[in-house]
Amino acid sequence: MKRIEERLRRAWDILVSRAVKHKDSLQAAKVGYEDFVRAVEGKTDDENVSGRTSGNYLHPIQRICADSDLPPLTGLVVQERKDHKTGEYKKLKPSSGFAGSGLQTYAEEMSSVLRHDWKAEGNPFLGADGKAVDEGKVLKGIATGASIFTYVKNRGYAQTLFRDGLLKAYSSKCAVCGIAFEEILDAAHIKPWSVCEGEEGGTLSNGILLCKNHHRSFDRGLWWLSDDFTIEAKIEFKASSIGKRTITIWTPDDKAISPDPLFLQYHRANKPD
Ligand SMILES: [Zn+2]
């Protein structure tokens, strides 16, 4: 078992228990970066730690909260400043690595963190087997066609790993245009996640890595794929971006994780007109 996975599991529990225990006081619920790292790594108060290590634990949690539409739990970890008169540390705000939804102020987001029923979520880093999730093992498994849900039950974490798996399978490039900026690449479901049954939502062969433009236009039914991965499109879309060319999307070498014709057929039959 890799230690990072154990620590992620513990980091989640630490933040959730602070949010639950101090639900009436944000000031009490907050924790400084260094104290947070100490708690996660099981170190004592007089041991030196670097607050910067916190990113290793906070980034995965932040992504899961975003992917699952949960309030940004990581906002509880904040910078501290020592008051020179009293010698006490004052808890301030999170550093610039923190990203909430961007739709609310920090105070509003933190109030939704404290109001949320975290006990109902369960620890996302707890795998289907009850042990800490080993990301390396999961990514290796899903790269051979296994569903993420074999390893992870939490939907948000499954989305996160699904995206990681597609980024790897498609070498971090849009399957249509090849654009390679991770910030604008989406893990697109061919059969939409909302109607997926059982393991379908967590299977890489039901996904394509697409840039935001190609993802949105695919979901809107402006273009679709034949079983041999050739792009077919509405006349306007074809005229503006394809012309008379025949374009095949880029697919992973491994057939097990290339788009499954069954999902492509579903998309063709159910896409918006
Ligand atoms: Zn694209």
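A short reminder: the numbers here are calculations on the coordinates, not readings from a lab. Computed from a prediction, not measured in an experiment: that's the story for all the values here. Glycine also receives a Cβ, built like all others from the backbone with ideal geometry; neighbour counts cover every protein chain displayed.
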Q | Residue-averaged 222 nm ellipticity for the chain, from DSSP H runs of 4+ at -39500 (n - 2.57), nearest 500 | A | -11500 deg cm²/dmol
Q: Just add up the charged neighbours of ALA146: K/R +1, D/E -1, any other residue whose Cβ is under 12 Å from the Cβ of ALA146.
A: +1
Q: For segment 173-215 and segment 36-89, compute the distance between their C-alpha centroids and round to whole Å.
A: 32
**Q.** Table column - 3J(HN,Hα) (Hz), segment 83-96, Karplus curve with 6.51, -1.76, 1.60, x for Gly and Pro
**A.** 7, 5, 6, 8, x, 8, 8, 9, 7, 9, 10, x, 7, 5
Q: Could you give me the radius of gyration and the Dmax of the chain, taking only the C-alpha atoms into account and expressing both in angstrom?
A: 21.7, 75
Q | Burial ordering of LEU103, LEU92, fewest other beta-carbon atoms within 10 Å first | A | LEU103, LEU92
Q | Spherically averaged projected area in nm², based on the convex hull that wraps the Cα atoms of segment 24-69 | A | 4.1
Q. Quick one: Cα convex hull volume of segment 3-120, Å³ per residue?
A. 114
Q: Taking H placed 1.01 Å from N in the peptide plane, check which residues at least 5 places from CYS177 or on another chain put their amide H under 5 Å from its amide H.
A: CYS211
Q) Can you tell which of ALA180, TRP193, ALA158 lies farthest toward the positive end of the dipole of segment 135-270, using +1 and -1 charges on the Cβ of basic and acidic side chains (Lys, Arg; Asp, Glu)? A) ALA180
Q. In debye, nearest 20: dipole of segment 3-120 around its Cα centre with unit charges on the Cβ of K, R (+) and D, E (-)?
A. 140
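Let me spell out the model: positive unit charges on the Cβ of Lys and Arg, negative unit charges on the Cβ of Asp and Glu, origin at the Cα centre of segment 135-270. What dipole size does that give, in debye rounded to 20? Don't skip to the answer; put the middle values down first.
Numbers: 17 positive and 16 negative charges, 51 e Å.
Roughly 240 debye for segment 135-270.
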(Q) Using the crude model of +1 on Lys and Arg Cβ and -1 on Asp and Glu Cβ, and no other charge, please compute the dipole size for the chain relative to its Cα centre, in debye to 20. (A) 420
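Where Lys and Arg each count +1 and Asp and Glu each count -1, what net charge lies around SER217 among other residues with Cβ under 11 Å from its Cβ?
Values: positive: LYS212, ARG216, ARG220, LYS234, LYS271; negative: ASP219, GLU236.
So the environment of SER217 carries a net charge of +3.
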Q) Taking a spot 7 Å from the Cα of LYS234 along the direction of its beta carbon, which residues of segment 257-272 have an amide N less than 17 Å from it? A) 267-272
Q: Beta carbons within 10 angstrom, averaged per residue: use that to sort the peptides 200-212, 74-86, 54-66, highest first.
A: 200-212, 54-66, 74-86
